[in-house]
Amino acid sequence: MDVEGFWNLVDDAVAAAPDQEQRLVSRLAALPPGEIADFAVLLDRERGRVDTWAHWQAATLICAGLCGMDSFFYFQAWLIGQGSRVFSSVAASPDALASVPAVRRLAALGTVDDWADEDWPEWESLYRVPDEAFGSGDLDELLAMRGQTRAFDVDPGGEEVEMEAPADIARRIPRLWSLFGKPA
């Protein structure tokens, strides 16, 4: 499986909303074990494109500061679940999140205190999808035989940012700041 195949599966699952996860598991389960392993590796690799301090700053702003390491990891999965077009746009610029309908909806809901549990931008279980599709075998064992491992934590790269400094946030992600920020 290549990156195009990965995104074809994800985009197909996105179109199947609200049954994204079920759709993705069933499509993956129909593939040979090696392709399921490829999907897991590509999931990590694509997630790495938004594993930056700038993306973490954007997620922290959206979630009103409630975005630790685990939450950011799940936020990255949620971004993948928005589909290839949205993901590519946000990977290129975290401020592109301001154009994502789901993010605009969150801004319209009010503060995070007004959000229901299902409103939070996270898809924690995306990382279990390859395991579910793999079935009774051990996906990590297959990956190890191929000299590959999966990431289960964030390791942001890029220029470090001041996560909750209003001036830095307003400068780096002005459109998101206008949705979620407070006047300085």
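When the range 51-68 is examined, which residues are found to be more than 23 Å from residue 109 (Cβ to Cβ), under 13 Å from the mean Cα position of the chain (by Cα) and not acidic (Asp, Glu)?
The answer is 52, and nothing else.
Criterion applied to 64, 17, 58 was being part of a helix (DSSP H, G or I) and among the small types (Gly, Ala, Ser), and the one residue passing it is 58. A single entry from 60, 52 fulfils the requirement of being in contact with a strand residue (DSSP E or B) (Cβ under 7 Å, 6 or more places away or on another chain) and surrounded by 14 or more Cβ atoms within 10 Å (Cβ to Cβ): 52. Quick check on residue 155: is it farther than 30 Å from residue 31 by Cβ and at pLDDT below 95? The answer is no for residue 155. Can you name every residue in the range 1-49 that is surrounded by fewer than 14 Cβ atoms within 10 Å (Cβ to Cβ), of a type in the set (A, V, I, L, M, F, W, C) and either under 25 Å from residue 93 (Cβ atoms) or modelled with pLDDT under 95 (or both)? Listed by number, the residues that qualify are 3, 15, 17. For the condition farther than 28 Å from residue 32 by Cβ and buried (at least 16 other Cβ atoms within 10 Å of the Cβ), what is the one hit in 74, 127? 74 is the lone residue from the list that is farther than 28 Å from residue 32 by Cβ and buried (at least 16 other Cβ atoms within 10 Å of the Cβ).
Screening the candidates 22, 57, 82, 76 for the property of being of a type in the set (S, T, N, Q) and free of Cβ contacts under 8 Å to residues at least 60 places away in the same chain yields one hit, 22.
The values are calculated or read from the model by the stated rules, or taken from the named source; none is laboratory data. The structure presented is a predicted model; accordingly, all values stated were derived computationally and were not measured. Using ideal geometry, Cβ is built from the backbone for each residue, glycine included, and neighbour counts are taken over all protein chains shown.
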